[in-house]
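**Q** Below is one structure. I have some questions about it.
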Amino acid sequence: MEQQTAIFWGPQGSGKGTQVTLFKEYLAKNDSERTVVHFDAGAAIRAFCAEPGYTQEQVRKSVEKGELQPDFITTSLMSKMFISAMHGNEHLIIDGFPRTLDQYAIFDSAIRFYSREKPAILYIDISEEESVRRMLKRGRADDTEDSIRRRLAWTKETFSHVVELLRHNSFYRFIEINGEQSIDDVHREILGKLELNG
């Protein structure tokens, strides 16, 4: 199997996290010779918040308010992970990053620095109505329809610039995935469009 570099994107409720897990399991089963390096921006911030320190405390307060973290925090977490985990022969999975133009510039420089070939942007697309329906179904206390629609509007406004930039960047393979299928069908579509055996 060729070395894989897969960047998973999609709106809230797209099932991105589930598909990342399934893809990691597929790689582990079908190419056990390589390790899988996985960067999840949200998980990295949560782990950072669990550490002691003044900066961590400021990030914790910001996270509790539901604010977006400054680019220097998220890009530094990504950079630290890359520097410690990359060794040249690994599969690389990125979950939900980059989200802003400034993050994109740092991310793109790292992908090129590590000579990652044919990096794939896997954009799991679902409608806003489907996103709202799925997120309400989770039953979280802070997930009201209004708050969900506000988050979706913010995501669309800020994230769309990065999506369009990468959609038209020939260095990357921009692959749209129909997220309004069963979990297994989404997984099969991802493998098929990456030209991997199911």
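The values are calculated or read from the model by the stated rules, or taken from the named source; none is laboratory data. What you see is a predicted model; the values in this text were computed from it and never measured. Note that each Cβ is placed from the backbone with ideal geometry, even for glycine, and that neighbours are counted across all protein chains shown.
**Q** Out of segment 51-88, which residues are at pLDDT 95 or above, farther than 21 Å from Arg112 by Cβ and part of a loop (DSSP other than H, G, I, E, B)?
**A** Across segment 51-88, the qualifying residues are Glu51, Pro52, Gly53.
**Q** So how many residues does segment 155-180 have that are under 18 Å from Leu136 (Cα atoms) and not acidic (Asp, Glu)?
**A** Filtering segment 155-180 down to residues under 18 Å from Leu136 (Cα atoms) leaves 155, 179-180.
Imposing the further condition that a residue be not acidic (Asp, Glu) reduces the set to 155, 179.
Count: 2.
**Q** Against the condition buried (at least 19 other Cβ atoms within 10 Å of the Cβ) and either β-branched (Val, Ile, Thr) or in contact with a Pro (Cβ under 9 Å, 6 or more places away or on another chain) (or both), how does Leu92 come out, does it pass?
**A** Working: buried (at least 19 other Cβ atoms within 10 Å of the Cβ): yes; either β-branched (Val, Ile, Thr) or in contact with a Pro (Cβ under 9 Å, 6 or more places away or on another chain) (or both): yes.
Spelling it out, Leu92 is indeed buried (at least 19 other Cβ atoms within 10 Å of the Cβ) and either β-branched (Val, Ile, Thr) or in contact with a Pro (Cβ under 9 Å, 6 or more places away or on another chain) (or both).
**Q** Please determine whether any residue of segment 101-109 is free of Cβ contacts under 8 Å to residues at least 24 places away in the same chain, assigned to a helix (DSSP H, G or I) and of a type in the set (Val, Ile, Thr).
**A** No, there is no match, as no residue in segment 101-109 is free of Cβ contacts under 8 Å to residues at least 24 places away in the same chain, assigned to a helix (DSSP H, G or I) and of a type in the set (Val, Ile, Thr).
**Q** Continuing with this model, one more query. In segment 51-58, is there at least one residue being surrounded by fewer than 18 Cβ atoms within 10 Å (Cβ to Cβ) and touching an Asp or Glu at 6+ places or on another chain (Cβ under 9 Å)? Give the derivation first.
**A** Looking only at segment 51-58, we keep the residues that are surrounded by fewer than 18 Cβ atoms within 10 Å (Cβ to Cβ), and these are 51-58.
Going one step further and asking which of them are touching an Asp or Glu at 6+ places or on another chain (Cβ under 9 Å), we end up with none.
The answer is no, given that none of the residues of segment 51-58 is surrounded by fewer than 18 Cβ atoms within 10 Å (Cβ to Cβ) and touching an Asp or Glu at 6+ places or on another chain (Cβ under 9 Å).
**Q** So which pairs qualify, if the first residue must be in segment 151-164 and at negative phi, the second must be surrounded by 12 or more Cβ atoms within 10 Å (Cβ to Cβ) and among the small types (Gly, Ala, Ser), the Cβ gap must be under 9 Å, and the two must be at least 6 apart or on different chains?
**A** Listed pairs, sorted by first residue: Leu152/Gly13; Leu152/Ser131.
**Q** Do we find that Thr35 is surrounded by fewer than 17 Cβ atoms within 10 Å (Cβ to Cβ), of a type in the set (S, T, N, Q), closer than 29 Å to Glu129 by Cβ and modelled with pLDDT of 95 or more in this structure?
**A** Numbers: surrounded by fewer than 17 Cβ atoms within 10 Å (Cβ to Cβ): yes; of a type in the set (S, T, N, Q): yes; closer than 29 Å to Glu129 by Cβ: no; modelled with pLDDT of 95 or more: yes.
Against the criterion (surrounded by fewer than 17 Cβ atoms within 10 Å (Cβ to Cβ), of a type in the set (S, T, N, Q), closer than 29 Å to Glu129 by Cβ and modelled with pLDDT of 95 or more), Thr35 does not qualify.
**Q** What are the pairs, 6+ residues apart or on separate chains, where a residue within segment 57-71 that is more than 13 Å from Arg46 (Cα to Cα) has its Cβ under 6 Å from a residue that is outside any helix (DSSP H, G or I)?
**A** Asp71/Thr100
**Q** If I go through segment 96-122 residue by residue, how many of them are closer than 23 Å to Leu196 by Cα, modelled with pLDDT under 95 and surrounded by 18 or more Cβ atoms within 10 Å (Cβ to Cβ)?
**A** Total satisfying the criteria: 1.
**Q** Output the residues belonging to segment 1-26 that are in a helix (DSSP H, G or I) and either polar (S, T, N, Q) or within 17 Å of the chain's Cα centre (by Cα) (or both). Before you say what the answer is, go through the steps one by one.
**A** Taking segment 1-26 first, the residues in a helix (DSSP H, G or I) are 16-26.
Of everything in segment 1-26, those that are in a helix (DSSP H, G or I) and either polar (S, T, N, Q) or within 17 Å of the chain's Cα centre (by Cα) (or both) turn out to be Lys16, Gly17, Thr18, Gln19, Val20, Thr21, Leu22, Phe23, Lys24, Glu25.
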